[in-house]
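Colleague: There's a structure below that I have some questions on.
The values are calculated or read from the model by the stated rules, or taken from the named source; none is laboratory data. Please read these numbers as outputs of a predicted model, since none were measured by experiment. For neighbour counting, all protein chains shown are included, and Cβ atoms are generated from backbone atoms with ideal geometry for every residue, glycine included. Just so you know, the surface numbers come from the protein's heavy atoms only, side chains and all, with ligands and any DNA or RNA stripped out. Shrake-Rupley method; radii C 1.70, N 1.55, O 1.52, S 1.80 Å.
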Amino acid sequence: RLVHLDLKGAPPRVAYLLEVLPLLRALGASGLLLEYEDTFPYAGPLERLRAPHAYSPGEVRVLLSRARAQGLEVVPLLFPELSFLLQFVLKHKEFAHLREVKAFPNALNPHKEESRALVKAMIDQVMALHEDLKWFHIGCDEVYYLGEGEESKQWLQQQDNTPEKLCLSHIKAVASCVASSYPSVTPIVWDDMLRGMSEETLAESGVPQLVQPMIWDYAANLDVEGKVQLVEKYRRCGFSKVWFAGAFKGATGVNQSLTLIGHHLKNHLQWLKVASHSPPDVLEGIALTGWQRYDHFSVLCELLPVAIPSLAVCLQALENGGYSEKTKENVEKLLGMSNLETEAFMSTSQGTFPGSNILTHVTQVSFYLKSSVDELLERNRYVTGWFSPYHRKRRVIHPIILQHFQPDAVSLLAKWTAVVRDLQAAMEQVFHPCTVEEWMEENVQPSLQKLQRVVDDLDQA
């Protein structure tokens, strides 16, 4: 049971992750799937890939050492989404010439020797910091624009060449790179590019002998029978083992701020059904993915502390083969919560788990900030009737009308300023300033600034 930490957005400080590791182990995790992206401490010619808030080599070593001490297997996920999709690399001008399509920093040109050298250099640097790895996730899903570059178009015009073979040849090249240099490490790939391929194409490619596919689906009502058939197909093609992947957060909305626990619980209960109907010796494990961004350029979705109750519920459901009242009580005990709701965003208990104060404040902001400001500024008749944009522009207001809502506006601003100050302080303990700034600009400032401007206009009027 691998807990996926998506570090391409809101990467937590190492001190926070060290606090969380014992909780993950107690909840039933047996490993971590670490998606570093630009937070890995690349060096030398690759140093340009490091974000300003990237972890240091020492921090990575401490995290890995503590994970091992907790009995947690570590699986690096080097490439975001896929081994072709290197947005955090190809956005830099130094690497732009390696794009599959010149205009888009999405896909890596698989035909250039320099592309393969880049991928190998990245793999080697990650491997150098990780000891005794069993698995290495090399991505390989959602290959947009593959085959649309000029070199790919020429390759596809040759006899018997197809987009499927192009995809498989690149997967094979990356997997072979891992296998030749690190023979004791098994590459894992996302499976969606493989699903529609014929058994003959897959079997003849040689890929099944090199990798283990991770079948992913984050839906609450995933097709159990269809997934079982897919497992059997992969088995017939020659794959020795398969993985499953559900999601505990980051899969229900690109800018989601609170986690739909019920959705994610249902998703993992469905995966339990798939596991029970699959051959007993084919399943290697399951990853509980927690996406922090949909891709390198999208906004943040639910922060990790906000989603820990969802992660706890899903882990315990997997460990116990379902989610009973007893399992619920165990989750609440481990999280320090007196009542954890799975079908509602809000809970009557704050919790004592690391970062629980962030969940409390984010819930408050998400539910009430915008609605309370809109209620005052858009549905209060004194504001809409006597302090409209026309009046505000001219700083004109009747003194009697002022008394009807100025105290409310000032009081509301004071209340939310205090809440936001507490939230910011809590977030700064867990995240770097760039994450705090981004989350505040997306989720707080639009409403808070609107309220502040009205209060300022009232003073001037």
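Colleague: Given axes a ≥ b ≥ c from the Cα gyration tensor, I'd like to know whether region 205-326 is rounded (a/c under 1.5), prolate (a/b larger than b/c) or oblate.
Modeller: Here region 205-326 falls in the oblate category.
Colleague: What whole number of Å gives the distance from the Cα centroid of region 247-291 to the Cα centroid of region 319-373?
Modeller: 18 Å
Colleague: Follow-up question, since we're still on this one. Of the peptides 358-371, 43-56, how do they stack up when ordered by the mean number of other Cβ atoms within 10 Å, highest first?
Modeller: 358-371, 43-56
Colleague: Using only Cα atoms, find the angle between the long axis of helix 325-335 and the longest principal axis of the chain, and express it within 0 to 90 degrees, rounded to the nearest 10.
Modeller: 70 degrees
Colleague: Could you please put TRP135, TRP439 in sequence from largest to smallest accessible area, using a 1.4 Å probe?
Modeller: Sorted descending by solvent-accessible area, the residues read TRP135, TRP439.
Colleague: Something else now. Tell me, what is a quarter of the convex hull surface for the C-alpha atoms of region 356-460, in nm² with one decimal?
Modeller: So the Cα hull casts an average projection of 6.8 nm².
Colleague: Send over the per residue convex hull volume for the chain, Cα only, as a whole number of Å³.
Modeller: Values: hull volume 77.5 nm³, N = 461.
Measuring per residue, one finds 168 Å³ for the Cα hull of the chain.
Colleague: Placing +1 at every Lys and Arg Cβ and -1 at every Asp and Glu Cβ, with all other atoms neutral, what dipole size does region 2-335 have around its Cα centre, in debye to the nearest 20?
Modeller: Dipole magnitude for region 2-335 comes out near 560 debye.
Colleague: Please report the net charge: other residues with Cβ closer than 15 Å to the Cβ of TRP271, K and R +1, D and E -1.
Modeller: -2
Colleague: Tell me the carbon and sulfur percent of the accessible area for the chain, rounded to whole percent, probe radius 1.4 Å.
Modeller: For the chain, the apolar C and S fraction of the accessible surface comes to 50 percent.
Colleague: Let me ask another. If I model a spin label at SER372 and ASN221 as a point 7 Å from the Cα along the Cα→Cβ vector, what separation in nanometres do I get?
Modeller: In this crude label model, SER372 to ASN221 measures out at 3.7 nm.
Colleague: Turning to a different aspect of this structure: Using the Karplus equation 6.51 cos²θ - 1.76 cosθ + 1.60 (θ = phi - 60°), what ³J(HN,Hα) coupling, rounded to whole Hz, does each residue of region 378-392 give in order, writing x for Gly and Pro?
Modeller: Values per residue, Gly and Pro as x: 10, 10, 8, 5, 6, 6, 5, x, 10, 9, 6, x, 4, 5, 5 Hz.
Colleague: Relative to the longest principal axis of the C-alpha atoms of the chain, give the angle of the C-alpha long axis of helix 261-277, reported between 0 and 90° and rounded to the nearest 10°.
Modeller: 20 degrees
Colleague: Let me ask you something else. Could you tell me which of the pairs LYS120/LYS172; LYS266/LYS328; LYS370/LYS450; LYS227/LYS266; LYS266/LYS333 are separated by over 19 angstrom between their Cα atoms in the structure shown?
Modeller: Table pairs above 19 Å Cα-Cα are LYS266/LYS333.
Colleague: What list of ³J(HN,Hα) couplings, whole Hz, do you get for region 234-250 from phi and the Karplus terms 6.51, -1.76, 1.60, once you set θ to phi - 60° and write x for glycine and proline?
Modeller: Whole-Hz 3J(HN,Hα) from phi for region 234-250: 4, 5, 5, 6, x, 5, 6, 9, 10, 10, 10, 8, x, 9, 9, 6, x.
Colleague: Kindly sort LYS93, LYS415, LYS120 by accessible area of their heavy atoms, largest first, with the probe set to 1.4 Å.
Modeller: Working: LYS93 175, LYS415 100, LYS120 75 Å².
Solvent-accessible surface, decreasing: LYS93, LYS415, LYS120.
Colleague: Helix 433-443 versus the longest principal axis of the chain: what angle, 0 to 90°, nearest 10, using Cα atoms?
Modeller: 60 degrees
Colleague: Pull out the extension gain between GLU341 and THR384, defined as 0.36 nm times the separation in residues minus the alpha carbon to alpha carbon distance; nm, one decimal.
Modeller: Value of the extension gain: 11.7 nm.
Colleague: Suppose all protein chains stay in the model; what accessible area per residue would a 1.4 Å probe give for the chain, in Å²? Walk me through the numbers before you get to the answer.
Modeller: Working: 19660 Å² over 461 residues.
It amounts to 43 Å² per residue over the chain.
Colleague: Same structure, new question: What length, rounded to one decimal in nm, is gained on full extension from ARG236 through to ARG68, with 0.36 nm per residue of separation minus their alpha-carbon distance? Don't skip to the answer; put the middle values down first.
Modeller: On the way: separation 168, 0.36 × 168 = 60.48 nm, distance 3.49 nm.
So the extension gain works out to 57.0 nm.
Colleague: Provide the per-residue ³J(HN,Hα) series for region 157-169, in order, calculated from phi with Karplus coefficients 6.51, -1.76, 1.60 and θ = phi - 60°, each as a whole number of Hz, with x at glycine and proline positions.
Modeller: 6, 6, 4, 6, 7, 9, x, 4, 5, 5, 4, 5, 5
Colleague: Next up: Report ARG1's accessible area, 1.4 Å probe, all protein chains in place, as a number in Å² to the nearest 10.
Modeller: We get 80 Å² for ARG1.
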